[in-house]
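The values are calculated or read from the model by the stated rules, or taken from the named source; none is laboratory data. Values in this document were obtained by computation on a predicted structure and should not be read as measured data. Heads up, the Cβs are rebuilt from the backbone with ideal geometry, glycines too, and the neighbour counts pull from every protein chain shown. Note: accessible area is taken over every heavy atom of the protein model, side chains too, but ligands, DNA and RNA are not part of it. Shrake-Rupley method; radii C 1.70, N 1.55, O 1.52, S 1.80 Å.
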Amino acid sequence: MGLFDKKYCDICGEKIGLLGNRKLEDGNLCKDCASKLSPFFSGRRSATVEEIKQQLAYREENKQKLATFRPTKTFGESRKVYIDEAAGAFIVTSRSNWRDDNPDIISLSQVTACNTDIKENKDEIYRETADGKSVSYNPPRYEYSYEFNVQILINSPWFNEINLELSDGNHPDSRCTDLYREYERRMYELSAALTGRNTAPQVSYGQAQAGYAQSAPSYAQQTQGYAQPSQNYGQSAAAFGSVTAAAGAESGTWFCPSCGTQNNGAFCQNCGVKKPQSQRSFRCDKCGWKPEPGQQPPKFCPQCGDPFDNSDII
């Protein structure tokens, strides 16, 4: 057969137009039939005609099941995870009118793992000299941004993984921000919802809140009422030892060092522990510079440019 001979789709039988052929291992596929395949399917070139027919039959059944899919939880930004807790299933899609997109309905029992990763991006900040040249600070200074990535491993005949970034288009610029902690919380909450297991790191308070040195509240202590076995990841941002959360007691909001509950009054509304008096202070671990007592530290040390983080808490 010549290069420009007419080809016909082995699925629907229609003639395939110029540049419209999608090669299969043992046949041809038109672009219209190819558009009906799962968006997570990547093995088209090695798939047989029979395998494509089987997948398209599954996709048609999937479309019918979407009529009864009722999401109760949503995660993500541009690409979202919708979870139907009652049905024990979820979908992943970037379309707002997702029923028209026919996203794959995946049972929670098909999830074999949920890998989480916080990626730190670092770009150097330069200063401009009198003659207009850009030179490094001494020591160098950097701008940071953080991505919160989730890889869902699936036991399916059509695909085996789904990747998404929870922080897509809205990256925190510091670990010491509410936005960072919120994405971190949502990332581990999603992992728990999909796997039924707590994957959040258990970190200590260190020297936080009037010398309390306790481990972070357990996952069960932090959360109540979540339908999945491992429960909702919870409320305590203080468990991650951030600088801004440490100042919460000064501004009225504080996290109980015993159970992790966020409070506004003089006593913990969950366990009754008295609000601790904040005695935390800060010192740059690179040059020793200190802010005035009671003053919040800047993002960068004004003496040496080192970012203020947990290592600068004394």
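General observations
- When Phe148 is tested against (1) surrounded by fewer than 19 Cβ atoms within 10 Å (Cβ to Cβ); (2) of a type in the set (A, V, I, L, M, F, W, C); (3) within 10 Å of the chain's Cα centre (by Cα), exactly one condition is not met: (1).
- Whichever residue in the range 288-314 is farther than 18 Å from Ser174 by Cβ and modelled with pLDDT under 75 and, among such residues, is surrounded by the fewest Cβ atoms within 10 Å (Cβ to Cβ): Pro293
- Failed criterion for Arg95 (all others in (1) among the charged types (D, E, K, R); (2) under 28 Å from His171 (Cβ atoms); (3) part of a helix (DSSP H, G or I) hold): (3)
- Residues being among the β-branched types (Val, Ile, Thr) and open to solvent by 70 Å² or more (accessible area, probe 1.4 Å) are entirely absent from the range 80-93.
- Applying a threshold of 9 Å to beta carbon distances and a minimum spacing of six or more residues, or different chains, the list of pairs starting in the range 129-141 at a residue that is under 16 Å from Phe308 (Cα atoms) and ending at one that is acidic (Asp, Glu) and surrounded by 10 or more Cβ atoms within 10 Å (Cβ to Cβ) reads Pro139/Asp306; Pro140/Glu124; Arg141/Glu124; Arg141/Asp306.
- When the residues of the range 1-57 are filtered to those that are open to solvent by less than 50 Å² (accessible area, probe 1.4 Å) and aromatic (Phe, Trp, Tyr), the one that is farthest from Thr93 (Cα to Cα) is Phe41.
- Residues that are over 19 Å from Lys80 (Cβ atoms) and either in a loop (DSSP other than H, G, I, E, B) or hydroxyl-bearing (Ser, Thr, Tyr) (or both), drawn from the range 173-201: Asp173, Ser174, Arg175, Cys176, Thr177, Tyr180, Gly196, Arg197, Asn198, Thr199, Ala200, Pro201
- Checking the range 135-152 against the condition returns a match, with at least one residue being touching a helix residue (DSSP H, G or I) at 6+ places or on another chain (Cβ under 7 Å), part of a strand (DSSP E or B), over 30 Å from Tyr58 (Cα atoms) and not small (Gly, Ala, Ser).
- Any hit, the range 106-128, residues being β-branched (Val, Ile, Thr), within 27 Å of Phe282 (Cβ to Cβ) and under 14 Å from the mean Cα position of the chain (by Cα): yes
- Test: residue in the range 152-169 that is touching a Cys at 6+ places or on another chain (Cβ under 6 Å), surrounded by 12 or more Cβ atoms within 10 Å (Cβ to Cβ) and among the hydrophobic types (A, V, I, L, M, F, W, C): yes
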